[in-house]
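Read the structure below first, then the notes.
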Amino acid sequence: MAESLVETRIPHQKLYESKPFPAVITQSPSLPLPAPSLPLFTQTITTHKPYLDSLLHRSGAVLFRGFPVSTASDFNDVVEAFGYDELPYVGGAAPRTSVVGRVFTANESPPDQKIPFHHEMAQVPEFPSKLFFYCEVEPKCGGETPIVLSHVVYERMKEKHPEFVQRLEEHGLVYVRVLGEADDPSSPIGRGWKSTFLTHDKNVAEERATKLGMKLEWTEEGGAKTIMGPIPAIKYDKSRNRKVWFNSMVAAYTGWEDKRNDPRKAVTFGDGKPLPEDIVHDCLRILEEECVAVPWQRGDVLLIDNWAVLHSRRPFDPPRRVLASLCK
């Protein structure tokens, strides 16, 4: 245990195998950090990184609360202190804006929209192993980022729908998305093809899509249709020796909806057959039952192991500003 960091309990946590989820770290009351003390906090992270890495591995998510992280730039310093490699946001669906350094906005879709549970970039082969969220402006009401342990979802789905899970393991999933040319901030999946592939050149976009294992078809309106898969929907987490529910099935089926996309066609079994709607909605119920939704406080930093945990976003009353950073 790091002497200046303390594991604490808050009302919203759940216990899994007697381990709190998420783990919550605050500064030790016996060793108050002087203010302003961001450099001391980042130094503490660097010094105690083995402990923090093992805590993340054990819990799947770690919330840092009560530390002096006041700005996007401070958050960038915290991310840098962990020393994880940056993962560029190529192939993701959410509309986002770069803020500073390795930091960008979390999904900018309208506040009244719910963003369903997903592993970050589960629909592409190269996804982050870890992600950070930071609350710069806490919401008036709502706006939590619920999290859920993926292996728990897998076990419950396998117990309840064994044949469905077997089909998923055999065939994987195919994700289909129609992208506009420019970003559409009114849509939760409104990232245009230029932002998705970080280029204005169609040839470069095609090359980057191919590298991701994605088919790209151009539409008459100047947009693009992406077809990804078949891609596994269940993965094996080697470091924890267990299977995880690693997909964006519920997110795509219930949330990939805008003027270009019909969510029921956005995801199918790998053999092209449609998913049974009742089972998808049953999975959504399980996700909601098992999730933990800690209300954001200004300055909170949440570190998530993307292999272990799915996340989502609840609707909110503005203002709310949550920033993110992705790591390899």
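The values are calculated or read from the model by the stated rules, or taken from the named source; none is laboratory data. From a predicted model like this one, the values you see are computed outputs, not experimental measurements. Cβ placement follows ideal geometry from the backbone for every residue including glycine, while neighbour counts extend to all protein chains displayed. Surface accessibility is based on the protein's heavy atoms, side chains included, excluding ligands, DNA and RNA. Shrake-Rupley method; radii C 1.70, N 1.55, O 1.52, S 1.80 Å.
How about segment 286-310: which of its residues are of a type in the set (Gly, Ala, Ser) and closer than 23 Å to Val244 by Cα?
Residues of segment 286-310 that are of a type in the set (Gly, Ala, Ser), as a first pass: 293, 299, 308.
Of everything in segment 286-310, those that are of a type in the set (Gly, Ala, Ser) and closer than 23 Å to Val244 by Cα turn out to be Ala293, Ala308.
Applying the criterion of being of a type in the set (D, E, K, R) and within 15 Å of the chain's Cα centre (by Cα) to the residues of segment 87-131, the residue that is modelled with the highest pLDDT is Lys130.
Of the residues in segment 144-181, how many are closer than 30 Å to Lys202 by Cβ and either open to solvent by less than 70 Å² (accessible area, probe 1.4 Å) or free of Cβ contacts under 8 Å to residues at least 12 places away in the same chain (or both)?
9
Does Arg264 satisfy being open to solvent by 10 Å² or more (accessible area, probe 1.4 Å) and without any contact (Cβ under 8 Å) to a residue 60 or more places away in the chain? Yes; evaluated as a whole, the condition is true for this residue.
Taking segment 312-327, which residues are closer than 24 Å to Phe246 by Cβ, of a type outside the set (S, T, N, Q) and either in contact with a Phe, Trp or Tyr (Cβ under 7 Å, 6 or more places away or on another chain) or without any contact (Cβ under 8 Å) to a residue 40 or more places away in the chain (or both)?
Across segment 312-327, the qualifying residues are Val322, Ala324, Leu326, Cys327.
Return the residue satisfying two criteria in turn: it lies in segment 107-139 and is among the acidic types (Asp, Glu) and open to solvent by 30 Å² or more (accessible area, probe 1.4 Å), and of such residues it is farthest from Thr210 (Cα to Cα). The qualifying residue farthest from Thr210 (Cα to Cα) is Glu138.
Could you tell me whether Asp258 is among the acidic types (Asp, Glu), in a loop (DSSP other than H, G, I, E, B), in the same structural domain as Gly190 (by the TED database) and over 16 Å from the mean Cα position of the chain (by Cα)? Yes: the conditions hold for Asp258.
Among the criteria (1) in the same structural domain as Ala182 (by the TED database); (2) within 18 Å of Val152 (Cβ to Cβ); (3) among the hydrophobic types (A, V, I, L, M, F, W, C), the one Val267 does not fulfil is (2). Where residues in segment 192-201 are over 15 Å from Val124 (Cα atoms) and out of contact with any strand residue (DSSP E or B) (no Cβ under 7 Å at 6 or more places or on another chain), which of them is most open to solvent (accessible area, probe 1.4 Å)? Step by step, filter segment 192-201, then rank; the result is His200. Are any residues in segment 48-86 part of a strand (DSSP E or B), modelled with pLDDT of 95 or more and farther than 12 Å from Cys135 by Cα, and if so, which ones? Hits for segment 48-86 are Ala61, Val62.
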